[in-house]
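One structure below.
None of the figures in this text is laboratory data; all of them are computed from the coordinates on show. What you see is a predicted model; the values in this text were computed from it and never measured. Here the Cβ positions follow ideal geometry from the backbone for every residue, glycine too, while neighbour counts run over all protein chains shown.
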């Protein structure tokens, strides 16, 4: 087992649960992975990953984007696989295989068939994930050739290569390996994810692959994934753009022999661990938002569920709030404006607004505040905004990237 | 009367109606205006405008932002004025008088009182408009002093100074003076507007002041304004941000003696003229969007009213589509993605997409197309996107700015 490191839980908004220790890397027992360049990315960088679970009785769970425009790998994994019995994942970067029609579906099933043959697994046990440019056909031949190489390179510490291979505009690799101490014994979790642009997951998320050697039912796997995705990836936005390709797959090998019974203390503590890990990964996506320098967190309280969600999304996706965050500008009027724009015909709206604990607006009107303290606070890497609507009903949060020259540079020059 | 020019109707998306002639400037009979610097803008640029209608039987109509956070001038004009009997407008730039609480309302009513005294009109006949930074108290003393100067400087050709005084980040003055030939005689229209950022009007718009010397009932004024605002300002977005201050005021002096009867040919033709003028001004706001280089038009057909509106807004406000427009990048996959993100759980969605008449996607799948022709088309100043949803039900359009480094520069560095 790898040595303990302590670099993953880096955001002030995520605490490492006491039952969790960070490992330097590696997959849980029962998993092997590999990643390499197969020629999809023009840059020649790694672009194909393969992950296999060797346990015949593994269970799995998955979540997908709710976009009306679904990429072929999402359609094929959702409709042609048994998502409770996935045993392998093929993931590529450099091409989303979206808006590619019947040819795209055929490319996805051909990928599945090649992996099936190489791994000796049924095609419906092989999940797919793709990310990259939309509207360009997938080069299936290169992927098949690539898979042949990868099948011979699978290793218990192949998670780093796999995580490297699913990057697109990500500035950093997003992965973790965790040891979780439960009442019934020790289990491991490893996760590889990618995401930097076209990020506003909706009841699903970006490419994210979770492995554990815990023993669990498919229902438990589904429950754990569903709850933690809602608290993690569903609470972030880089650019307000829901992807055609968001996919999260959890596979449990059971190789640890530690059984997670439904509604047990084990389930609660494993859920806490997974929750913290997915939240941290979600925050890494926001911090790595295309061209981003700073991360904002907006917490909205009061009102009802619909109002706090609308207000928080409006602030998090406001190009005026995001450019102010980028510029280290304490221009809180833009927060009031964004909330007002989200809650039409609700005037008068006696908003309270605080930035980093400094209240700037009470009952809808500007306050006197310590300008120097505020100017300093908004220049930090993480900035927190609190908006209180009238009433005490509800509360939500959204984490978001700033909008700076970097985003424009990445996206005005990132061509098909 | 000024000489005819021909520079206002400059967009390919607006045709000058045959009954309309452009004039170089000037207000219709019965109006006087002035504008000057009164010290609100730190730059010392013009920031206060005054407009007066000398006809005692003038009628008016107004539209306001639907934001939940309303600026004081909106509250005061909407709730304390008779918006069918407005006789004057005081408008300032450099300060929005929004999120300013009771003090802000007092500043607005003090402004109204000063104008009332200077012009000999009741306070409820004086409409207010403000634009600029949110959350800072209006310097009432400077405004009162400024109004004293302006009251002595009112002129029939003061529209240019007035239009100059309401600019904020606008790169150009937005105004027109038109001569409209109706069956019953000639009438004039003049309009002054401002708008470049925080622009996504919702059943209201930015600051825009319309004058005509036609004779009409308040009901006709309201109908004309309501229909033309819906087709003009309500169809644009710069940054998806609804303002706290959007205000449009139309005043008809009746000084021409040409009566516009309800449901007459006069009404239809005057409506056409106003419609073309407001659409052209709306397009000028989009073209002058903060830091903008290009204007996009997305037309969405099919589906139902809710779907085409959601899809068109999603495309027009997608930071990925807007950066691609900025970069002259034919990356149409982002259009498919934005539409899919707006229409959750609607897959499969057999979209047709065409850019400048070149079809790139049919029934949801990429087509072969002339790449060189497309690359050239998307580098023009105006780019048109057509998205066909399944079905034949509905159709809408949204005009939008691109998102470039200029927007970031303006908004990351525009401080309180």
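When DSSP beta bridges are limited to those with both residues in chain B, what percentage is antiparallel, rounded to the nearest 5? Display every interim value, and only then the final one.
Values: 55 of 76 bridges.
In chain B, DSSP labels about 70 percent of beta bridges as antiparallel.
Using the basic label-point model (7 angstrom from Cα toward the beta carbon), what is the residue A:309 to residue A:356 distance in nanometres?
It works out to 3.2 nm between the two label points.
By count of other Cβ within 10 Å, fewest leading, how are B:323, B:181, B:77 ordered?
Fewest-to-most Cβ neighbours within 10 Å comes out as B:181, B:77, B:323.
Mind grabbing the base-10 log of I(q)/I(0) for the protein assembly as shown at q = 0.04, 0.05, 0.06, 0.08 Å⁻¹? Debye formula, identical points on the C-alpha positions, no solvent, two decimal places.
Ignoring solvent entirely, the Cα scatterers give -0.20, -0.30, -0.43, -0.71.
Place the label 7 angstrom along Cα→C-beta at residue B:350 and in each other copy, then list the distances from the first to the rest in nm, shortest first.
5.6
Determine, for A:397, B:290, A:56, the number of other Cβ atoms within 10 Å of each Cβ, and report the residues in order from fewest to most. The partial results should precede the final answer.
On the way: A:397 19, B:290 27, A:56 10.
Fewest to most other Cβ atoms nearby, the residues stand as A:56, A:397, B:290.
For the range B:344-413, what mean projected area does the convex hull of the alpha carbons give, in nm²?
6.9 nm²
Can you tell me the relative contact order of the range A:20-287? Whole percent, Cα pairs under 8 Å, sequence separation 6 or more.
Relative contact order of the range A:20-287: 26 percent.
Angle, helix A:101-119 long axis vs. longest principal axis of chain A, Cα atoms, 0 to 90°, nearest 10?
Once rounded, the angle reads 50 degrees.
Taking N as the number of residues in the range A:20-287, what is its alpha-carbon radius of gyration divided by 2.2 N^0.38 Å?
0.90
Cα-based Rg (one decimal) and Dmax (whole number) for the range A:295-412, in Å?
According to the Cα coordinates of the range A:295-412, Rg and Dmax are 13.8, 43 Å.
Sum -39500 (n - 2.57) across every DSSP H segment of at least 4 residues in chain B, then divide by the residue count to get the 222 nm mean residue ellipticity, nearest 500. Don't skip to the end; give the middle numbers.
Details: 11 runs with 130 residues, N = 416.
Result for chain B, helices only: -9500 deg cm²/dmol.
What number does the range B:1-151 give for Rg over Rh if you use C-alpha atoms and the Kirkwood radius?
Taking Rh as the inverse mean 1/r over Cα pairs, Rg/Rh reads 1.01.
Could you give the length gained on full extension between residue A:7 and residue A:172, defined as 0.36 nm per residue of separation minus the Cα-Cα distance, in nm?
58.1 nm
For the range B:329-373, would you read off the P(r) tail past 11 Å as a percentage of all alpha carbon pairs?
Percentage above 11 Å: 68.
Hey, fewest Cβ within 10 Å first, where do A:263, A:384, B:413 land in order?
A:263, B:413, A:384
Based on alpha-carbon atoms only, what is the radius of gyration of the range B:19-79 relative to the globular estimate 2.2 N^0.38 Å?
Compactness ratio reported: 1.51.
If every alpha-carbon in the range B:203-336 counts as one equal scatterer, what log10 I(q)/I(0) does Debye give at q = 0.12, 0.17, 0.18, 0.21 1/Å?
-0.58, -0.95, -1.02, -1.23
Note the distances from residue A:102 to each other copy's matching label point, with points 7 Å along the Cα-to-beta-carbon direction, in nm, sorted shortest first.
Inter-copy label distances (nm, one decimal, shortest first): 7.2.
How far, in nm to one decimal, is residue A:372 from itself in the other copies if the label point is set 7 angstrom along Cα toward Cβ? Shortest first, please.
6.5
Along each principal axis of its Cα atoms, how long is the range A:81-160 end to end? Whole angstroms, biggest number first, please.
34, 26, 20
Using only the Cα atoms of the range A:130-208, construct the convex hull and provide its projected area averaged over every direction, in square nanometres to one decimal.
Spelled out: convex hull of the Cα atoms, projected over all directions, averaged, 7.7 nm².
What are the equivalent ellipsoid semi-axes of the range B:118-171, built from the alpha-carbon gyration tensor (square roots of five times its eigenvalues), in whole angstrom, biggest first? Mind dumping the intermediate values first?
Values: eigenvalues 81, 59, 26 Å².
Three semi-axes, in Å: 20, 17, 11.
What are the extents of the Cα atoms of the range B:263-310 along their three principal axes, in Å, largest first?
Sorted largest first, the three principal extents are 40, 32, 11 Å.
How crowded by other chains is B:93-104, given as the mean number of beta carbons from other chains within 10 Å of each beta carbon?
What the average comes to for B:93-104 is 4.
To test your reading of the geometry: what angle, between 0 and 90 degrees and rounded to tens, separates the Cα axis of helix A:265-287 from the longest principal axis of chain A?
With rounding to tens, the tilt is 70 degrees.
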